[in-house]
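Worksheet: the structure to be examined is printed underneath.
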Amino acid sequence: AQSVSQHNHHVILSEAASLELGCNYSYGGTVNLFWYVQYPGQHLQLLLKYFSGDPLVKGIKGFEAEFIKSKFSFNLRKPSVQWSDTAEYFCAVLTGGSYIPTFGRGTSLIVHP
Amino acid sequence: DGGITQSPKYLFRKEGQNVTLSCEQNLNHDAMYWYRQDPGQGLRLIYYSQIVNDFQKGDIAEGYSVSREKKESFPLTVTSAQKNPTAFYLCASSGTRNEQFFGPGTRLTVL
């Protein structure tokens, strides 16, 4: 069965630090990849997505992610985090023709001002 | 505003009671989903529906039931058979690109 691993469960950073959150999946075929974010007290919402084309995708609020097919990875990055980036981040993968995503367990990010 | 609404926001239940969580969407999406979110466990799929009058069990369907009588609505019933129902429940829908849109969630507490 498809699995998604988020290696960092809790990350604590100071403002202006760089961020990279890991996401690896196990499926070898065609994938659609997503990062979702859940800010405190808010809806879970889409941060960015990859379907095809340029493997470097840009999302909202300065986030980006790179799809590396050979490494089965879709890591999330931001060069300089802000206190407002404090949230829980979820990686999700859709495989083949499925419409049921597999979610990672999430990474809790705390940014200190 | 297009989106997904869930009600109630907080729900308290006594052991042995069934409760129903509401989920409504006005995005004209065919597919709808129910997830359970527990700390450190991510989102686990309870039930999903691709079309009206059809739904499928997800990974943790035991103790839950759903219906899909209308495209806009996908209520979830947490039955007394669910052994550990205290959790945060999220409803979602998706359209043709399969990006998921989530509701604000319902926090269920069993007393």
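Summary table
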read-out	value
Overall form of the protein assembly as shown per C-alpha gyration tensor (a/c, 1.5; a/b vs b/c)	prolate
The stretch B:9-92, relative contact order [Cα under 8 Å, separation at least 6], %	35
Debye, to nearest 20: dipole size of chain B, +1 on Lys, Arg Cβ, -1 on Asp, Glu Cβ	280
Debye log10 I(q)/I(0) at q = 0.09, 0.12, 0.18, 0.23 Å⁻¹ for chain A, Cα point scatterers	-0.21, -0.38, -0.85, -1.34
Extension gain from B:Ser7 to B:Asp30, taking 0.36 nm per residue of separation minus the Cα-Cα distance	6.2 nm
Net charge of neighbours whose Cβ lies under 14 Å from the Cβ of B:Cys23, counting Lys and Arg as +1 and Asp and Glu as -1	+2
Residue pairs, from the table A:Lys49/B:Lys70; A:Lys78/B:Lys71; B:Lys14/B:Lys57; A:Lys49/B:Lys9, whose Cα atoms sit over 31 Å apart	A:Lys78/B:Lys71
Nearest-0.05 FRET efficiency for A:Ile110 and B:Arg107, computed from C-beta distance (R0 22 Å)	0.55
GluC sites (Glu not before Pro), loop per DSSP, at most 13 other Cβ atoms within 10 Å - longest free stretch of chain B	B:16-61
Radius 14 Å from Cβ of B:Asp54, net charge of other residues (Lys, Arg +1; Asp, Glu -1)	+2
Debye, to nearest 20: dipole size of the protein assembly as shown, +1 on Lys, Arg Cβ, -1 on Asp, Glu Cβ	240
Options B:Asn98, B:Ser7, B:Gln25, ranked by Cα towards positive dipole end of chain B, top entry (Cβ charges)	B:Ser7
Average beta-carbon neighbours from other chains, 10 Å sphere, peptide B:39-49	4
Where trypsin sites (Lys or Arg not before Pro) fall in DSSP loop in the stretch B:28-111, at most 11 other Cβ within 10 Å	B:Lys83, B:Arg97
At q = 0.12, 0.17, 0.18, 0.20 Å⁻¹, base-10 log of I(q)/I(0) for chain B (Debye sum, equal scatterers on each alpha carbon)	-0.36, -0.73, -0.82, -1.02
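Read-outs: derived from the displayed coordinates by stated rules, not from any lab. Predicted model, so just to flag it, every value in this text is computed and none were measured. Note that we place each Cβ from the backbone using ideal geometry, even for glycine, and neighbour counts take in every protein chain shown.
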